[in-house]
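Since the structure comes first, as C-alpha cells, the remarks are kept for the end.
The values are calculated or read from the model by the stated rules, or taken from the named source; none is laboratory data. This one's a predicted model, so the numbers in the text were calculated from it and none came from an experiment. Virtual Cβ from ideal backbone geometry, glycine too; neighbours counted across all protein chains shown.
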Amino acid sequence: MIDPYKIIKNPVQTEKATMLMEAENKLVFVIDRKATKKDVKEAVEKLFNVKVMSVNLMLSSMGIKKAYVRLTPDFLAMDIATKLGMI
C-alpha cells in the first residue's frame with residue numbers, strides 16, 4: 001500500500017464541506033491526482049481508524065482532485081473534523 005500521507009494531502013474546509021459533514025456524514029479531502037477510490041478508502045481507514053462506506057472522486061477544472069468520503073453510521077464525520085481542527 002502507498003503511504004496514506006502521500007494520498008491524502010489536506011481536508012477541505014468550505015461551507016459546502018461542513019454541510020456535507022452534518023447532513024450526509026461525509027468528509028472532503030484534496031488528494032493526489034493518481035490516487036484511486038481504493039487508495040483513498042484504505043488511507044482514510046488507516047489514518048483515522050474509521051470504516052468507509054463509499055468514496056466519490058472529482059477532478060476540478062483547475063486540476064485539483066477531491067475525494068468525498070462517506071463514513072459508516074458507526075463513526076461521525078464531525079468527530080474526525082474536530083480531531084483535525086476544522087471545527
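Per-residue answers, yes or no, for (1) under 13 Å from the mean Cα position of the chain (by Cα); (2) among the hydrophobic types (A, V, I, L, M, F, W, C):
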residue: Lys41; (1), (2): yes, no
residue: Lys51; (1), (2): yes, no
residue: Ile80; (1), (2): yes, yes
residue: Leu84; (1), (2): yes, yes
residue: Ile87; (1), (2): no, yes
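Given the options Val28, Val69, Val50, name the one that is in contact with a Ser or Thr (Cβ under 9 Å, 6 or more places away or on another chain), under 21 Å from Thr82 (Cβ atoms), among the β-branched types (Val, Ile, Thr) and not in a strand (DSSP E or B).
Result of the check over Val28, Val69, Val50: Val50.
Hey, Pro11 hits all of (1) surrounded by 15 or more Cβ atoms within 10 Å (Cβ to Cβ); (2) at pLDDT below 95; (3) not polar (S, T, N, Q) but one; which does it fall short on?
Tallying (1) surrounded by 15 or more Cβ atoms within 10 Å (Cβ to Cβ); (2) at pLDDT below 95; (3) not polar (S, T, N, Q), Pro11 fails exactly one: (2).
A quick yes/no check of all residues on (1) among the aliphatic types (A, V, I, L, M); (2) under 23 Å from Asp74 (Cα atoms):
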position: Tyr5; (1), (2): no, no
position: Lys9; (1), (2): no, no
position: Thr14; (1), (2): no, no
position: Thr18; (1), (2): no, yes
position: Met21; (1), (2): yes, yes
position: Phe29; (1), (2): no, yes
position: Thr36; (1), (2): no, no
position: Lys41; (1), (2): no, yes
position: Lys46; (1), (2): no, yes
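Thr14 - would you say it is among the polar types (S, T, N, Q) and in contact (Cβ under 8 Å) with a residue 12 or more places away in the chain?
yes
Which one of these does Leu27 not meet: (1) loosely packed, with under 13 Cβ neighbours inside 10 Å; (2) at pLDDT 95 or above?
Result: Leu27 passes all but (1).
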